[in-house]
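**Student:** Got a structure for you, written out below as structure tokens; questions coming shortly.
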Amino acid sequence: MVRSPAYVASLALARSEFPSRTPLLARWLAFLLLAICVALPACATQRPPTVVALPNGYYLQRDKAKQPALVRRGGSVVLKGPIAAYAVHGDLVVGCVSDWKPEGAAYPSQIAFPGSPDARYFVFETRTGRLEKDLDEAAWKAELKERGVPESIRIVAPFLPD
């Protein structure tokens, strides 16, 4: 059976007047899926906290009150803040708990802690988890000397942006 060109053209026109809805539906579903894939991670995730890594899985990070604190991997607090200044010597973390805020420098770690009678010092051995805290400056210096920490050690403020 031979079909005329007019008949073939009329069939093509009839098909284009009533297109199938499947391709349109598939396009919309693909668009919605792409939009969800792009938007979901932006809404569902939050930025991880800024930390200062210390030896043996310990960190300095801000607590719920936004004060620097010494924490163990997993988030449990070892020493509550505010940790004003610290230094690391081998497996030891030494420093002080005080309200001191360094001023006049681009980064807080550029200014050494000047010392304060109100400050409470600490020595934390990360290998064993042993913490000596609430020391005055004289007892702290004696503890450092006993553990072989050089007298020239400088404790500085942790750099933890908000």
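**Student:** Within region 123-162, can you find the residues that are closer than 30 Å to residue 47 by Cα and of a type in the set (A, V, I, L, M, F, W, C)?
**Tutor:** 124, 155, 156, 157, 159, 160
**Student:** Give the residue that is nearest to the chain's Cα centre (by Cα), with candidates limited to residues of region 119-134 that are under 14 Å from residue 85 (Cα atoms) and hydrophobic (A, V, I, L, M, F, W, C).
**Tutor:** Filtering region 119-134 for residues that are under 14 Å from residue 85 (Cα atoms) and hydrophobic (A, V, I, L, M, F, W, C), the one nearest to the chain's Cα centre (by Cα) comes out as 124.
**Student:** Within region 90-104, which residues are under 10 Å from residue 155 (Cβ atoms) and of a type outside the set (Val, Ile, Thr)?
**Tutor:** 95, 96
**Student:** Does residue 140 satisfy the criteria of being assigned to a loop (DSSP other than H, G, I, E, B), surrounded by 11 or more Cβ atoms within 10 Å (Cβ to Cβ) and either out of contact with any Leu (no Cβ under 7 Å at 6 or more places or on another chain) or among the hydroxyl-bearing types (Ser, Thr, Tyr) (or both)?
**Tutor:** Answer is no for this residue.
**Student:** Something else now. I'd like the full set of residues that are at pLDDT 80 or above, farther than 22 Å from residue 139 by Cβ and part of a loop (DSSP other than H, G, I, E, B), limited to region 55-109.
**Tutor:** Passing the criteria: 63, 64, 65, 66, 67, 73, 74, 76.
**Student:** Please work out if residue 116 is modelled with pLDDT of 80 or more, in the same structural domain as residue 133 (by TED's automatic domain parsing), surrounded by 10 or more Cβ atoms within 10 Å (Cβ to Cβ) and not aliphatic (A, V, I, L, M).
**Tutor:** Details: modelled with pLDDT of 80 or more: yes; in the same structural domain as residue 133 (by TED's automatic domain parsing): yes; surrounded by 10 or more Cβ atoms within 10 Å (Cβ to Cβ): yes; not aliphatic (A, V, I, L, M): yes.
Against the criterion (modelled with pLDDT of 80 or more, in the same structural domain as residue 133 (by TED's automatic domain parsing), surrounded by 10 or more Cβ atoms within 10 Å (Cβ to Cβ) and not aliphatic (A, V, I, L, M)), residue 116 qualifies.
**Student:** Further, regarding this structure: Looking at region 70-81, can you tell me whether even one residue there is small (Gly, Ala, Ser), outside the structural domain of residue 136 (by TED's automatic domain parsing) and exposed (fewer than 15 other Cβ atoms within 10 Å of the Cβ)?
**Tutor:** Looking only at region 70-81, we keep the residues that are small (Gly, Ala, Ser), and these are 74-76, 81.
Now restrict to residues that are outside the structural domain of residue 136 (by TED's automatic domain parsing): none.
The answer is no, given that none of the residues of region 70-81 is small (Gly, Ala, Ser), outside the structural domain of residue 136 (by TED's automatic domain parsing) and exposed (fewer than 15 other Cβ atoms within 10 Å of the Cβ).
Yes/no matrix, rows are residues, columns are (1) of a type in the set (S, T, N, Q); (2) touching a residue at least 12 places away in the same chain (Cβ under 8 Å); (3) not assigned by TED's automatic domain parsing to the domain that holds residue 84:
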| position | (1), (2), (3) |
| --- | --- |
| 112 | no, yes, no |
| 121 | no, yes, no |
| 138 | no, no, no |
| 152 | yes, no, yes |
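The values are calculated or read from the model by the stated rules, or taken from the named source; none is laboratory data. Just so it is clear, the structure is predicted and the values come from calculations on it, not from any experiment. Every residue, glycine among them, receives a Cβ derived from its backbone with ideal geometry; neighbour counts consider all protein chains shown.
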